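Where a number appears in this text, it was derived from the coordinates with a stated rule and is not lab data. It should be emphasised that the depicted structure is a prediction, and the values quoted were computed from it without experimental measurement. Here the Cβ is made from the backbone with ideal geometry for all residues, glycine too, and neighbour counts use every protein chain on show.
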Amino acid sequence: MPRHWKSSSAGLAALGLLAVTLAGCAPDAGPVVTHTPTPAASTAAPLVDKPKSFFNKTQYSIDDPTSIWVVVNKLRPLQPANYAPKLVTLNVPHISAPLMTQEAGDALLKMFAASAAEGGGALQVQNSYRSFAVQTNTHNSLVASLGQSKADAQSARPGYSEHQTGLALDVAALPSKCDIAACFGQTPQGIWLAANSWRFGYILRYPADMTAITGYIYEPWHFRYVGVALSTEMHNDGITTLEEFFGLPAAPDYAP
Ligand SMILES: [Zn+2]
């Protein structure tokens, strides 16, 4: 029996995709598109044995782009590749338009407020949702100017960015310091987020020592909403990547 199934709740609408290393985290979001949830296709391979008690509680698909557990990496593009979630605009400080799914956005507001109240400092949204069209234009421009290899190192291929799910964002300190840079991890904001984001359903998606698994360099600014149940389980288990938690293959690079 599969240990995961897809949620049909529209409130969980999200997509999945990852974004990118440095440059990939930057482009502006495109137009808001409404997504109509479709029945889930439970065709994924069985998951490895992980916390059974947890999977018995709350289980969502890791394949369905509307699921808060969708796993997107260099071996797992969004399906469909041009998936677009239902988004809301968040009333928070930002550098580019703060667009996320309702559920991820609600959690983000709580996290930002808690950071300010608990000494983490003020936060702002650097980048959030990025559409398939925007990612396509960005990546194609880089390929044209740098070639495929260097373009892949700087930007996710279209359909492979977690930013396309509406569940991921790049966080920046307010005022800005170490934006989209490794040193963000040493700022009060970066330190607080790394220690506390799980309380709000967010994970630091690309840890420093997990590049061989995630396919992305250390990105202390990039957070992904997975819901409090999963983030808490990962925190308690000491598992830092979705690939490891769900027993998925490491995804250091795109398939040949
Ligand atoms: Zn990012």
Given H placed 1.01 Å from N in the peptide plane, which residues other than close sequence neighbours of Met100 have an amide H under 5 Å from its amide H? Val88, Leu90
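If we count every other residue with Cβ under 14 angstrom of Val143's Cβ, Lys/Arg +1 and Asp/Glu -1, where does the sum land? Could the numbers behind the result be given before it?
Working: positive: Lys150, Arg157; negative: Asp152.
Here the charged neighbours net out to +1.
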With Cβ to Cβ distances under 9 Å as the rule, what net charge do the other residues near Ile180 carry (K, R +1; D, E -1)? -3
Final fewest-first order of Thr240, Thr101, Thr165 on the 10 Å Cβ neighbour count is Thr240, Thr101, Thr165
